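Below you'll find the structure, written out as structure tokens, and then a few comments.
What follows draws every value from the coordinates through simple rules; no lab data is involved. Just so it is clear, the model here is predicted, and its values are computed rather than measured. All Cβ positions, glycine included, derive from the backbone under ideal geometry; neighbour counts span all protein chains shown.
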Amino acid sequence: MKSDRNWLWILIGVVAFLLFADEIFAVLGAVLGLIFSVGFTGLVIVAMAAVAFAVAIFVGCSVGFAIAVAMLTLAFVLFSWLWPYLLVGLVIYLLLRKRPKPV
């Protein structure tokens, strides 16, 4: 005969939840935050490319050129995290470079 120990598993689950509730909620929050941030960011990137495509079409460019403008917009948006570092590097370069002496 099989003994019914479902109550033991339920008790273990409740105790584990009480002991590890913070960690469980942290993992769920991290997963949901990642899904929302990637999803919203992706939608914004696609919207920016669509706006660039529409502006290029409205100005009177060809479809091929409008697609190229949209792709260039995607490249700029996808590498937008890099621009602050490039600007800081440019400022440091301009401050530390050796200026040529006039003859």
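Scalar couplings 3J(HN,Hα) for region 4-20, obtained by applying the Karplus form with A = 6.51, B = -1.76, C = 1.60 to θ = phi - 60°, are 8, 10, 4, 4, 5, 5, 5, 5, 5, x, 5, 5, 5, 5, 5, 7, 10 Hz; x denotes Gly and Pro.
Taking other C-beta atoms within 10 Å as the exposure proxy, Val77, Val103, Val31 rank Val103, Val31, Val77 from fewest upward. Axis of helix 83-96 versus longest Cα principal axis of the chain: the two differ by about 50°, to the nearest ten degrees. Packing, taken as the mean count of other beta carbons within 10 Å per residue, orders the peptides 39-48, 14-23, 64-73 from highest to lowest as 64-73, 39-48, 14-23. Rounded to the nearest whole Hz, the Karplus-based 3J(HN,Hα) values (6.51 cos²θ - 1.76 cosθ + 1.60, θ = phi - 60°) of region 59-71 follow the sequence 5, x, 7, 6, 5, x, 5, 5, 5, 4, 5, 5, 5, with x at glycine and proline. The distance linking region 64-103 with region 1-62 is 34 Å (Cα centroid to Cα centroid, whole angstrom). The residue among Ala21, Ile10, Val44 whose Cα reaches farthest toward the positive pole of the charge dipole of the chain, with charges on the beta-carbon of Lys, Arg, Asp and Glu, is Val44.
Annotation: extensible slack from Tyr93 through Ala54 equals 10.2 nm (criterion: 0.36 nm per residue apart, minus Cα-Cα distance). With 0.36 nm allotted per residue and the present C-alpha distance subtracted, the Ile45-Val77 stretch has 10.8 nm of extension available.
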